[in-house]
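Here is the structure we will look at, set down as structure tokens.
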Amino acid sequence: MVDKNWVYVLDDASLPEGGMSPVYPKGINILLARVNGEVYALDGKCAHMGCPLFCGSIVGTVLTCPCHDWRFDIKTGKFLDAAELRLKVYKTRVEDGRLFVKISAATEAL
């Protein structure tokens, strides 16, 4: 049985190391980022004022919002200056050169 919660979002080769890409599976704004060969997926809008995070910058696993410099850990979604704030994170997988996101499994990272 096919799990319809896994949604194709992008060809794997389209996301380079250190790169970010916005995707919109089923209308959900999600940011993909590849760091150290791992693909991470999290909310595509900043928790502060909804700024588009794909316009920000990434250094290591720290994503910085382009609007007000809020910093998030892409692995956990945690806001680095107040751990009680966070972005939703999503599971990812690569299959046959294609990236998938499990949209029903959005969770707030622990």
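The values are calculated or read from the model by the stated rules, or taken from the named source; none is laboratory data. Since the model is a prediction, treat every value here as computed from it, not as a measurement. Every residue, glycine among them, receives a Cβ derived from its backbone with ideal geometry; neighbour counts consider all protein chains shown.
Just so you know, in segment 35-55 the residues that are crowded, with 20+ Cβ neighbours inside 10 Å and part of a loop (DSSP other than H, G, I, E, B) include one that is nearest to the chain's Cα centre (by Cα), and it is Gly44. Checking each residue in segment 63-105 for being out of contact with any Pro (no Cβ under 8 Å at 6 or more places or on another chain) and in contact (Cβ under 8 Å) with a residue 60 or more places away in the chain picks out Tyr90, Thr92, Arg93, Val94, Gly97, Arg98, Leu99, Phe100, Lys102, Ser104, Ala105.
Anything in segment 20-34 that is exposed (fewer than 15 other Cβ atoms within 10 Å of the Cβ) and either touching a helix residue (DSSP H, G or I) at 6+ places or on another chain (Cβ under 8 Å) or at pLDDT 95 or above (or both)? List them, or say none. Across segment 20-34, the qualifying residue is only Tyr24.
Among the residues of segment 10-34, those identified as more than 18 Å from Gly97 (Cα to Cα), touching a residue at least 60 places away in the same chain (Cβ under 8 Å) and not in a strand (DSSP E or B) are Lys26, Ile28. Residue count for segment 41-62, restricted to those that are within 19 Å of Val101 (Cα to Cα), of a type in the set (A, V, I, L, M) and without any contact (Cβ under 8 Å) to a residue 40 or more places away in the chain: 1. Going through (1) in contact with a His (Cβ under 7 Å, 6 or more places away or on another chain); (2) modelled with pLDDT of 95 or more one by one, Tyr90 falls short only on (1). Restricting attention to segment 57-85, the residues that are surrounded by 21 or more Cβ atoms within 10 Å (Cβ to Cβ) and either within 19 Å of Ile28 (Cβ to Cβ) or touching a helix residue (DSSP H, G or I) at 6+ places or on another chain (Cβ under 9 Å) (or both) add up to 5. Evaluation of Ala105 against the conditions (1) more than 18 Å from Asn5 (Cβ to Cβ); (2) surrounded by fewer than 20 Cβ atoms within 10 Å (Cβ to Cβ); (3) modelled with pLDDT under 95 shows that the sole unmet condition is (1).
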